[in-house]
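The values are calculated or read from the model by the stated rules, or taken from the named source; none is laboratory data. Only a predicted model underlies this, so the values are computations on that prediction, with no experimental measurement involved. Please note: Cβ atoms are built from the backbone with ideal geometry, for glycine as well, and neighbour counts cover all protein chains shown. Keep in mind that these areas ignore ligands, DNA and RNA; they rest on the heavy atoms of the full protein, side chains included. Shrake-Rupley method; radii C 1.70, N 1.55, O 1.52, S 1.80 Å.
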Amino acid sequence: MASGRPVLDSLEEFDSSDSGSIYEPQINARKKKQKTTSGPQPKKSRRNATARGTPSVSSSTNPSPGEPSPQGQAHYQARSRSIPERNTNERNQGISAKEIYDAVCSGKAAIVTVVDEWLDSYKQSREGGLLVLINFIVQSCGCKGVVTREMFDSMQNAEIISTLTKEFNETSGNYPLSTPGPQMKHFKAGLSEFSRVLMRSCRNSIIYDEYIFPSLLALLTGLSDSQVRAFRHTSTLLALKVMTGLVEVAVTVSVQLQTTQRQIDTEKSKNPQIRASDKLEELHTTISELKENREEVCSMMNATFRGVFVHRYRDLLPDIRAICIEELGVWLNKDPEDFLNDGCLKYLGWTLFDKQSAVRLQCVRALQGLYKEKEFIGRLELFTSRFKERMLSMVLDKEPDVAVEAVNLLLLIQLMTEEGLSEEECGRIYPLVYAAHRGLASAGGAFLYNKFQSLIAQENNNNNNNNAAFFHVLMAFYTQNEFHEHGAYLVDSLWSVAGSELRDWETMSALLLQDAGLMYEEEGVLLELTMCAVRQAAQGTPPVGRSHARKIASMKEKKVQEQDRSRITTHFIPILPQLLAKYSADAKKVSLLLKAPLYFDLEMYSSTQWLKKYLDLLLSQVCGVVEKHTDGTVLQACAQLANTLCSENYTFSSRAHLAFSQLLDDLVECFNSYFAEILQGGADKDDTYSAATALKKIAVFSSAKDPTGWKLFDSCLQLLNSRLESLDLHTELTVSALKCAGFHLMWAKVNVDKSKPKAAELKHLKKDMNTFCRICQRCLSVDETRIRDEAFELLCDLLLLYSQASVRSEPALQPLVHLPSVSLCSELASFLLDHVFTEEEDAELCDEREEEIKVTLFQKRRRQLAGYCKLVLYGVLDLSAATNVFKHYSKLFSEMLTDDPSQQDPTEIRDLAKKLAMTFGIDLHHIRKPLVALHLDGIKFAFRVPEDGSKRLPNADFLEILSEFSFKLLQQDRVVISGFLKSECPAAALCWPSVKHYECSLASRSAARPKEQEVAAGAVSQHDTPQPKRRRTTAGGSTSSTTKGPWLESSSIHNRMHTPVLTSTVQKRAAPPPPPTQVRAAESDAGSGLAELESEDEFSSGMLMRKVNPTKRGRLNSAQTAAARDKEDVASHLTLLSLIEDDISESEEGEDEPEIEDSDNESQSSYTLPSTRHTSVSVLDELFD
């Protein structure tokens, strides 16, 4: 600011030596002289000073407290008519604290009214109005105590707070600001609004009366130093909100000072003959009063900053720290002249390392507000250079919301600062476009888009086609980066900022259709991005694996999707045949193009006259693609498109059905032409390849169209039998024959469900099913992996489709039920053991194949295991078949423990067992036998001795997994299994955690119920009649609440101690016990929740540091130790102790926090915090090297 003393200087005058519980603001010496010389005359009103500053401010000036203006009286009368009438006594007493509290809870509309009423009552009685505010603050803290007029007149603030602490309601740990749910947010917003309205109403007169706000801030400073969390939290919020109001007043006064000074300069510049001496004298009087006002406001701001903020920004409660940083950001924005310096910015820099995400989030948001202002950038240069590395690391914050805001902050730094971010620093943000969290990915996309725009602006000066340049830059980024290869995630990240460019279908199509311009790799990239953009526009959903907060689209979003889909259809229907013709030879590109019609509004093929001809072109191109390609991905895309176009929902389906029927007829004819020679063994390699290719295409289309009309089932069975007997297995031919036969049986079952077949038809279908299952069983033992895997998966599907559960609703189809034979069950289990629970193929892949092949292999095994588990869940296989699954899961887990003991976490296996146990149903008698067998076999497996003869039992941890099935056991079975466990378990293993855990799971439910009821009853009774906590007694019998000895390190004590309901956050050191006749005020500085890091390494090697040694925040004076207080009831002392956190609860809650030591132990402290005092060294030297 231009004039006046700086706000945050003169620490010698406003010391931060932890004496804030009794706040005594200093009065200017000149004001004292004015008061003493004039005797008992009232203080001169400062209203005229502010009114003469600027005309705009004078219009909003409030009347003096003594004489309300006529307008104010009329306003009060009008307002009183809208308020319910009170009786005469209530009107004389004014508004109550309860009414203010109810108004704050109800909403903003009532707050203005109650503030006006309070102002009226304050004008009538200053002491009464202040007392109402104090009791409102106490009630807002959740305290049931009341500050009476006698307490207010006779007690100091520390005594009042001590008395309120004793009267605090301890039945619940919640207070208004901590109440869970939306109520807490509403109350916090109401409390903040009340502070704002109060400060705005008092800013022109009452704020300068040297009574209400110094007294109010005195109490709030003392409460903010309390060990009761409710007091500390609420008072900190109110004090900092009042501080924000004071900052606004200081800014206003500074503007008035500047305006008045300009008026003085203008008047002095005039000719002495025309200069108005009276006006000049009046302006000098005004500016002196404004300086006096500013000095008074600054003194309150300075004391609040030093008495509240400096201590509470490192409070153990994250909410308090977050409030401090949030308000600091407001001060920095509103009053940069006083606050935007290194002395205040250091607090933001330190809290960037806070352990709690809520504090880091507020810190980053505060910095965003600073970097948005261009005029602040110069003052932030040193801060940016010092903390840029930390801000860059926060893009990988474990809390996604913090990471999102950190990316937005870095974008502001990139845009607003001259240096911006280097390419290496930007490279740390680019990979975020592939993040799983959609908000973080969108923030990364915004950063990347801004980088694209800057590159386009540098290279494309003529601005001919910015969208084409955008696609070139996007393709270059996609092909050159080494982060990810899925275009759908990149398009989704850019969609919110580059939606107009990504919807430019015309530019995309023109680039794809031009003969020369794009390289081969660029064509594939652009085609992939185009199809991803088409899907994003038509569906509006994120890619798989990326979280989406809102699942239901709004009406506006649905309307936009419909419009985009219509534009896509209109544009791509004529273009798609041309693109298919150009890229028909490229399997990858054509498979992408074939997905485009799935996002069209296909009705436009028949509803729009000029688009009808393009359907025939599309069908001919698709049939041509099927004839050219044998790649499974391309054929699968064609089959999916054929299934969509042949749907009966469209009027043109008959044309599509005719085209694909002709295609398949040609394929069947081709296969039949070679079938006889292949069966007789006379076909050469070319004929076999042609037949295998035709059969492969038929098998792929069989998944989309009913193949029963082609009568290929018998031919496939003959082909399979001949190949298995001759052992001349042509892999492609055999796999295709298996697929065709399997799909035939599946479609036959679907057709039977839709019609009423005859008994002969059912008998014939059952016979076909039996024959095919025998063939598949034989295929399970062949050496060819593809044949073996296909047979296993088809068996799992068909056994489930022809199971008892599938015909439960249709008794007429009972003859179709096919139960697997014992030999088939054995073969399936052997396949699981030999080819799913094996590591041989993984070992081979370690050196020979890439990581991508490993992932594919893992997905295949997971799919096969899921098919086997479905057979168990739906009753096709006996429940005992599940033992193989859990046995070998446990085996693999125990091997993992042996190889890497640091990864002992069976959570996933236990979750799988828990889910399987939940599927057993509620009929415990029905599953009794297999469940008991499961437990007995599991116990034997757990205590199986290894073959090497060692005494270790590597499978013992399997008991923890087995315990997930215990809740389904009957009572008598629990006793039997418990006895079997004791007989099988070695004596030395009875104390192992897994054995104890399993024994607890076998405990009787009936025996456990009374104990649970007893605990619950005890909890209720404890809640209803809270018992006072006892003091800890030392060996000598004396009581102490602060002594900490070596016995406190015992883990058993930590396990049994419970945190008090209302807890402190102070970090205390050993201190001598207080005398019995004296109650000591508790030490208060709450422990820091700040992750202090390695301060010298993170901030500066030459940073000045000091020990933080909080002095005791005052003791009770002699009046508190009078004879009347010596006879105080012991119960009140115990109640006080119950509200103050004991050492054990503090050590548990403040784990890993730096300990704040007393001054006498300073030499032993190993923790240091940055200094908050000014020394002879400048702030810049103190913060940075």
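Before I look further, what does region 916-1002 give for accessible area per residue, probe 1.4 Å, in whole square angstrom?
Working: 4620 Å² over 87 residues.
Dividing the accessible area of region 916-1002 by its residue count gives 53 Å².
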Counted charge near VAL251, where neighbours are those whose Cβ lies closer than 12 Å (Asp, Glu -1; Lys, Arg +1): -1
Probe 1.4 Å - accessible area at HIS888, Å² to nearest ten: 40
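Skip the ligands, DNA and RNA, and give the accessible area per residue of region 94-305 with a 1.4 Å probe, whole Å². Please list the in-between numbers first.
Values: 7600 Å² over 212 residues.
Each residue of region 94-305 exposes 36 Å² on average to a 1.4 Å probe.
Ranked highest first by average number of other Cβ atoms within 10 Å, how do 269-276, 295-302 line up?
295-302, 269-276
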In Å², nearest 10: area of ILE456 left accessible to a 1.4 Å probe: 10
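Label region 606-645 by shape, choosing from rounded, prolate and oblate, from the square roots a ≥ b ≥ c of the eigenvalues of the Cα gyration tensor; if a/c is under 1.5 it is rounded, and otherwise prolate applies when a/b is larger than b/c, oblate when it is not.
oblate
Of the listed pairs LYS589/LYS628; LYS860/LYS968; LYS711/LYS767, which have alpha-carbon separations greater than 21 Å here?
Numbers: LYS589/LYS628 14 Å; LYS860/LYS968 32 Å; LYS711/LYS767 16 Å.
Check vs 21 Å cut-off fails for LYS860/LYS968.
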Extension gain from GLU485 to ALA109, taking 0.36 nm per residue of separation minus the Cα-Cα distance: 129.9 nm
Cα centroid separation, region 127-188 to region 204-255 (Å): 16
FRET efficiency for ASN174 and ASN465, using Cβ-Cβ distance with R0 set to 41 Å, rounded to 0.05: 0.10
Local electrostatic count at SER235 - Lys and Arg +1, Asp and Glu -1, tallied over other residues with Cβ under 12 Å: +2
Å² per residue, accessible surface of region 434-543 at 1.4 Å: 42
Sorted peptide list for 378-385, 652-659, criterion being average Cβ within 10 angstrom, highest first: 652-659, 378-385
Cβ-based charge dipole, region 94-305, positive-most Cα from ASN174, GLN273, SER121: ASN174
With all protein chains modelled, accessible area of LYS860 [1.4 Å, Å²]: 40
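So, R0 is 30 Å and r is the distance between the beta-carbons of MET555 and LYS185; what FRET efficiency does that work out to, to 0.05? Walk me through the numbers before you get to the answer.
Numbers: r = 28 Å, r/R0 = 0.93.
Computed FRET efficiency for MET555 and LYS185 comes out at 0.60.
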Charge tally in the Cβ shell below 10 Å around GLN356, where Lys, Arg are +1 and Asp, Glu are -1, GLN356 excluded: 0
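Pairs of Cα atoms under 8 Å, at least six residues apart: use those to get the relative contact order of region 209-254, whole percent. Before the final figure, lay out each step's value.
Details: 20 pairs, mean separation 12.4, N = 46.
Across region 209-254, relative contact order equals 27 percent.
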Gyration tensor (alpha-carbon) shape descriptor, region 478-522, a/c threshold 1.5: oblate
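Please report, as a whole percent, how much of the solvent-accessible surface of region 563-687 comes from carbon and sulfur atoms (probe radius 1.4 Å).
Numbers: 2830 of 5910 Å².
Carbon and sulfur atoms account for 48 percent of the accessible area of region 563-687.
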Sequence ranges 980-992, 762-774, ranked by mean other-Cβ count within 10 angstrom, highest first: 762-774, 980-992
Residue pairs, from the table LYS355/LYS388; LYS558/LYS612; LYS185/LYS388, whose Cα atoms sit over 29 Å apart: LYS185/LYS388
Tensor-based shape of region 328-415 (alpha-carbon gyration tensor, a/c under 1.5 rounded, otherwise prolate or oblate): prolate
Gap separating the Cα centres of region 370-402 and region 523-595, nearest whole Å: 38
Phi to ³J(HN,Hα) by Karplus 6.51 cos²θ - 1.76 cosθ + 1.60 over region 556-563, Hz, x for Gly, Pro: 5, 5, 5, 5, 5, 4, 5, 5
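What percent do you get for the relative contact order of region 434-543 when only Cα pairs under 8 Å and 6+ apart count? Walk me through the numbers before you get to the answer.
Working: 86 pairs, mean separation 36.5, N = 110.
After rounding, I find 33 percent.
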